[in-house]
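Shown next, in structure tokens, is the structure this report addresses.
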Amino acid sequence: MAQQKTCFVTIGATASFSSLIKAALSAPFLSALQNHGYTNLLVQYGQDGKELFDGCMQQAKATVNSSGIKVSGFGLDKAGLGKYMRQAKGGVKGAQEGVVISHAGSGSILDALRTSVPLIVVPNSELLDNHQVELAEALAEQEYVVHGTLSGLPQALQDAEKLRQRQKEWPPVNSGVHRQAKGLKGVLDEEMGFLD
């Protein structure tokens with residue numbers, strides 16, 4: 001039996017991000033998961049996304065069946081997303097470390113960074129007054145995350161696998177010159193408007 005390896009996709013709790021759900025259930029992305037040894041795809045589709053998730057699953061049925069990847073989804077979990085991120089972390093016996101793919105919401109990003117699991121951040125371009133792109137770019141520049149796009153999810157998955165290896169090296173990828181940068185706290189303070 002192969003070791004479990006989970007990709008957890010979350011769109012957060014407040015805004016719909018149907019494009020990310022569609023991209024995660026697309027044939028190219030499912031193929032990329034299979035090529036990187038993933039066994040499970042878990043999608044948090046939000047409070048109004050069940051119909052969309054079910055429709056995408058119908059369209060992707062043949063690809064899902066041929067990939068051998070177990071795909072499941074859920075709406076919201078009032079207990080939070082921590083247990084799903086830990087599942088992607090792979091700390092359970094017989095499981096490999098996977099990846100989290102998230103919208104660029106600061107809460108979801110912080111949860112994934114606390115869990116220390118490779119993170120692909122995909123900004124939701126459909127939002128008004130969108131600061132998600134700046135946050136994703138700043139965190140990717142400091143090599144905390146991979147900045148992904150909807151059309152580039154397969155490449156982002158490959159980049160996340162490389163980031164995983166670099167994060168395990170010494171010195172850490174975000175040391176040295178990166179210490180002079182604002183850091184995660186500085187980026188989040190700036191995004192939230194807490195300026196000195």
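All of the numbers you see were taken from the coordinates with simple rules; none came from a lab. This structure is a prediction, so every number in the text was calculated from the model and none was measured. Here the Cβ positions follow ideal geometry from the backbone for every residue, glycine too, while neighbour counts run over all protein chains shown.
Counting alpha carbon pairs within less than 8 Å and at least 6 residues apart, what relative contact order, in whole percent, applies to the chain? Answer for the chain is 21 percent.
Helix 106-115 and the longest principal axis of the C-alpha atoms of the chain enclose an angle of approximately 80°.
Relative to the longest principal axis of the Cα atoms of the chain, helix 183-192 runs at roughly 90 degrees.
The loop-placed trypsin sites (Lys or Arg not before Pro) in segment 77-149, going by DSSP, that have at most 16 neighbouring Cβ atoms within 10 Å of their Cβ come out as Lys78, Lys93.
For a straight C-alpha distance cut-off of 30 angstrom, the lysines reachable from Lys162 (same-chain residues fewer than eight places away being disregarded) are Lys5, Lys22, Lys61, Lys70, Lys83, Lys89, Lys93, Lys182, Lys185. Amide H to amide H, with H built 1.01 Å from N, Val43 comes under 5 Å of Val9, Ser72, Gly73, Phe74, counting only residues 5 or more places away or on other chains. Cα-based values for segment 78-172, radius of gyration first and Dmax second, are 13.3, 43 Å. Along the axis of the charge dipole computed for the chain (Cβ charges of +1 for Lys and Arg, -1 for Asp and Glu, origin at the Cα centre), the listed residues Gln59, Val121, Phe17 are led at the positive end by Gln59. Counting only alpha carbon atoms, the long axis of helix 50-59 and the longest principal axis of the chain meet at about 60°.
I need the shape label for segment 1-129. Rule: rounded when a/c is under 1.5, else prolate if a/b > b/c, else oblate, with a, b, c from the alpha carbon gyration tensor.
Details: a/c = 1.72, a/b = 1.11, b/c = 1.55.
It comes out oblate by the Cα gyration axes.
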